[in-house]
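Some notes on the structure that comes next.
The values are calculated or read from the model by the stated rules, or taken from the named source; none is laboratory data. This one's a predicted model, so the numbers in the text were calculated from it and none came from an experiment. Note: ideal-geometry Cβ built from the backbone for every residue, glycine included; neighbour counts use all protein chains shown. Side chains included, ligands, DNA and RNA excluded: accessible areas come from the protein's heavy atoms. Shrake-Rupley method; radii C 1.70, N 1.55, O 1.52, S 1.80 Å.
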Amino acid sequence: MRRLRRILVWSFAGLLLFLGVVYGAGFLWLRTSLPQVDGEIFLAGIDAPVTVARNRYGLVTIRAQSDADAYFALGFVHAQDRLFQMEFMRRLGSGRMSETIGEVTLETDRYMRIMGFRRLAEAQLSVLSPELRDVLNHYANGVNAYLDNHAGARPPEFYAARLQSDPWLPADSLIWGRLMSMQLSDNWRSEYQRARLAQILSEEQLEFLWPAEDSYGEATRPGDGRRQLATIEPIPRVPHGLEPLAGASNAWAVGPTRSASGGALLAGDPHLGLQVPIYWYLVRIELPDRVLEGATAPGVPLIIIGHNEQVAWSFTTTHGDNQDLFLETVDPADPSRYLTPEGTQPFETREEIILARDVEFPLVVRHTRHGPVISDTMQVEGLGDKESVVALAWACLEEDDRTPEALFRMNRARNAQEFRAALDLFHCPLQTIVYADIHDTIGMVAAGRIPVRRALSAGSQMPADGASGNFDWLGYLDTDDLPEFIDPPRGWLATANDRVVDDTYPHFIAARWEPPYRIDRINDVLAENRRFTIDDMSTLQMDTLSLAARALVPLMTARIAERIESESERRALDILEAWDGTTDRELAAPLIYNAWVRAVQPAIFGDELGAMYEDFRWWNVPLLARVLDGDARAELWCDDVTTAAMENCTDALHGAFLETLDMLETAYGNDPAQWQWGDAHRATFRHPIWSRVPIVGDLISPEIATPGDHSTINRGSSVPDDDGTGFDHVHGAGLRFAIDLADPGGARFMIAGGQSGNIFSPHYDDLIGLWRDGSFLSIVAEPVSVLTLAPADHD
């Protein structure tokens, strides 16, 4: 027996040793996926040596003698640090996720095939200039040089998802713009959602909850878009990080008369979903005749936001309406045709084959004269007679989209005039672009294709009838008619997704805009009687004062003041009443406020909306304020229609307040003064692959307590937990950029996460703390490594 035990013990020990060796060897092998950052690499396709210097945070400076070699090197370093992100992007946009992941992503692939992003990217190449096509080719050559010459492992995700590294093609770089357009264009989802609400609400309720602004032209009654939409289930979601979110970004420029240095100042911080790796990759490119510096998108060989020492620029989403849903009537006599004003017309069709591992799934994509039939991707009930389908008209689905050409010319513009001329080619997504140059000009343009409609369907907030032609698009607004501002007398320009036009503007841009809280706060600061510095710009980007809270809290506390009974209620109410609206992470008031808002919204709207409440809920402070400060009509929303009693808004608010305190005391203790917003409000940076792996996903998803909320300049949009005690910060400034054009070399940047997408890299998440705390970096700081890319014939 002892001998048997010894045999078993030694066998078990041997097994552990064997597994340790195997896993250790695997770990060491996967670490060879890290890039070479020192020495020389000899490569075909490059004409002269290029140096790639990295500073202590992995930020890259490329020094090259020609454009061709610079873009080649950019492709090489993007592949070194972000290869999986690039592969994921092109597979997602091409509808090829299921080839390796399996049927779990089949609906996403169907959606992407119907959108046709890959086909559009290939067609787009033909409308680009020879110069830009050369750039795309040089960049692709650089990516492929890395694929051909890296002797170690691929990034770990390639093995987890069983991905192959196909050669990079120029069209692959154009897919990113389509995916970004998808995230930044969501009017069709709003139309769809409003039409579904119309099925369960009266017309009066719908107009109070979601007014149809129809002052820009003749609009149909709100009920006209209801037909058949109740039978369509919710639209499939795309992977985490690419779903449309409530858009938000900030950008402003200060002219020389308001600048301490005498040069124009510019600051920008685009807000997208927080994830690892983040969307942005920081790089500086030094050429004999110019410098380019800023944020690139891995897979794309252009500076998206940044400067060229002559001009600086940044973006925010305009929230312009460049999408419409059309309800197309199928010909009762022939289901292969649909009705138009001129009679019936055949659906255009194409066949696609989607591979899910080795299984083929055929897909027939249908198009109408308005656009692709997107209801073919939905689960549809009750349409057995096939009497109608839903088509999407979207300016971003045009084959002649020249937005990459605009970016290319923006990168090379030598002054504000050349930069503005480049924006005439900026087609999609619709963006408000703020720029400034070294000649003291500041400007702002809402650039992109804005549809001109024959008429609006409920203020362009409901699906339109496709058969009549009454709501057809007549073309796009002329670029000379775009909203534009140059060198305003007040000395600054700013945008925070707010309404960029006033009531005198004659063209329809959108019916809905972001609430004014962020833009009001920006303008309040920039209106101060002083001259500003680049430090002031960075400080303003980190501002956490919530004007929304300042507006809403008095309405909420005043309502329940007479209902307060317990000592815990009084302590919490005192904290709110003394609060100035600053949402720093160490404070208790932001936690009480946000948890209270989360609790009161379903108390007011949940009974009327029922199952649709989860689709509707968001941080809609103006709506809540309108209810709490409204008339008897607003008060009706506070009555719980599921009870016989007649409740009012004070009842709803007090009940939600008691619920909030009970949950927060359970989670954080009985003393409200000890609660902290940062205990609940935490940014978790999830990875599109590893976050789906149990345990592993939690271990490598960086998390940090953060300030801000949905309405602050330092954006902290969150998704509350079901119990209302946790607020997952999912959306915010993934990039911050500020520059004084009197000293372009002093431009400062910060990205959320890190420069590398490789989990073995020290630069995977080393910037998260600096990002949260408002630090900024120079890309061209002292290098800690220098790699030379040399022509192969010099070997």
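Quick notes on this one:
- Filter result for L120 (among the aliphatic types (A, V, I, L, M) and more than 21 Å from M410 (Cβ to Cβ)): yes
- Once segment 271-291 is narrowed to residues that are open to solvent by 10 Å² or more (accessible area, probe 1.4 Å) and part of a strand (DSSP E or B), the residue that is farthest from D536 (Cα to Cα) is L287.
- Any hit, segment 755-774, residues being in contact with a His (Cβ under 9 Å, 6 or more places away or on another chain), open to solvent by 30 Å² or more (accessible area, probe 1.4 Å) and farther than 23 Å from I438 by Cα: yes
- Filtering segment 463-479 to residues that are buried (at least 23 other Cβ atoms within 10 Å of the Cβ) and among the small types (G, A, S) leaves A464, G466.
- The residue of segment 510-532 that is surrounded by the most Cβ atoms within 10 Å (Cβ to Cβ), among those that are within 18 Å of A446 (Cβ to Cβ) and in contact with a strand residue (DSSP E or B) (Cβ under 7 Å, 6 or more places away or on another chain), is R518.
- The strands (runs of 3 or more DSSP E) falling completely within segment 410-462 that include 2 or more residues that are open to solvent by less than 10 Å² (accessible area, probe 1.4 Å) and touching a residue at least 40 places away in the same chain (Cβ under 8 Å) map to 431-437, 442-447.
- Any chance D651 is assigned to a helix (DSSP H, G or I) and either open to solvent by 60 Å² or more (accessible area, probe 1.4 Å) or in contact with a Leu (Cβ under 6 Å, 6 or more places away or on another chain) (or both): no
- 2 or more residues modelled with pLDDT of 90 or more and within 20 Å of R82 (Cα to Cα): qualifying strands (runs of 3 or more DSSP E) within segment 668-723: none
- Per the conditions (1) surrounded by fewer than 24 Cβ atoms within 10 Å (Cβ to Cβ); (2) part of a helix (DSSP H, G or I), the sole criterion not satisfied by S165 is (2).
Quick grid of which residues meet (1) within 31 Å of the chain's Cα centre (by Cα); (2) within 26 Å of R196 (Cβ to Cβ):
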position: G320; (1), (2): yes, yes
position: D334; (1), (2): no, no
position: Y338; (1), (2): no, yes
position: F347; (1), (2): no, yes
position: S375; (1), (2): yes, yes
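- Counting only residues that are assigned to a helix (DSSP H, G or I), in contact (Cβ under 8 Å) with a residue 40 or more places away in the chain and not charged (D, E, K, R), segment 592-637 holds 23 of them.
- Condition check for M180 on (1) of a type outside the set (D, E, K, R); (2) open to solvent by 40 Å² or more (accessible area, probe 1.4 Å); (3) under 25 Å from the mean Cα position of the chain (by Cα): one failure, at (2).
- Single unsatisfied condition, L587 versus (1) in contact (Cβ under 8 Å) with a residue 40 or more places away in the chain; (2) closer than 30 Å to E207 by Cα; (3) crowded, with 17+ Cβ neighbours inside 10 Å: (2)
- Residue pairs meeting the criteria (Cβ under 8 Å; at least 6 apart or on separate chains; first closer than 16 Å to I278 by Cβ and touching a residue at least 40 places away in the same chain (Cβ under 8 Å), in segment 83-99; second in a helix (DSSP H, G or I) and hydroxyl-bearing (S, T, Y)): L83/Y146
- Only one entry of D487, D478, D520, D502 meets the criterion of being free of Cβ contacts under 8 Å to residues at least 40 places away in the same chain, touching an Asp or Glu at 6+ places or on another chain (Cβ under 9 Å) and under 22 Å from F315 (Cα atoms), and that entry is D520.
- Looking across segment 715-725, the residues that are of a type outside the set (D, E, K, R), open to solvent by less than 10 Å² (accessible area, probe 1.4 Å) and on the phi < 0 side of the Ramachandran plot come down to G716, S717, S718.
- Scanning segment 365-383 for residues that are out of contact with any helix residue (DSSP H, G or I) (no Cβ under 8 Å at 6 or more places or on another chain) and modelled with pLDDT under 95 yields S375, M378, Q379.
- Filter pass, E614 being over 14 Å from L209 (Cα atoms) and either over 35 Å from the mean Cα position of the chain (by Cα) or surrounded by fewer than 18 Cβ atoms within 10 Å (Cβ to Cβ) (or both): yes
- Tally of residues being within 14 Å of G95 (Cα to Cα), open to solvent by less than 50 Å² (accessible area, probe 1.4 Å) and either among the small types (G, A, S) or out of contact with any helix residue (DSSP H, G or I) (no Cβ under 8 Å at 6 or more places or on another chain) (or both) across segment 338-364: 1
- Number of residues in segment 724-759 that are under 17 Å from R598 (Cβ atoms), aliphatic (A, V, I, L, M) and outside any strand (DSSP E or B): the value is 0.
- Considering segment 726-748, and only residues there that are of a type in the set (A, V, I, L, M, F, W, C) and surrounded by fewer than 24 Cβ atoms within 10 Å (Cβ to Cβ), the residue that is nearest to H307 (Cα to Cα) turns out to be A742.
- Just one of (1) over 24 Å from V50 (Cβ atoms); (2) open to solvent by 10 Å² or more (accessible area, probe 1.4 Å); (3) not in a helix (DSSP H, G or I) fails for A153. It is (2).
- Qualifying residue in segment 594-609 (condition: exposed (fewer than 15 other Cβ atoms within 10 Å of the Cβ) and charged (D, E, K, R)): no
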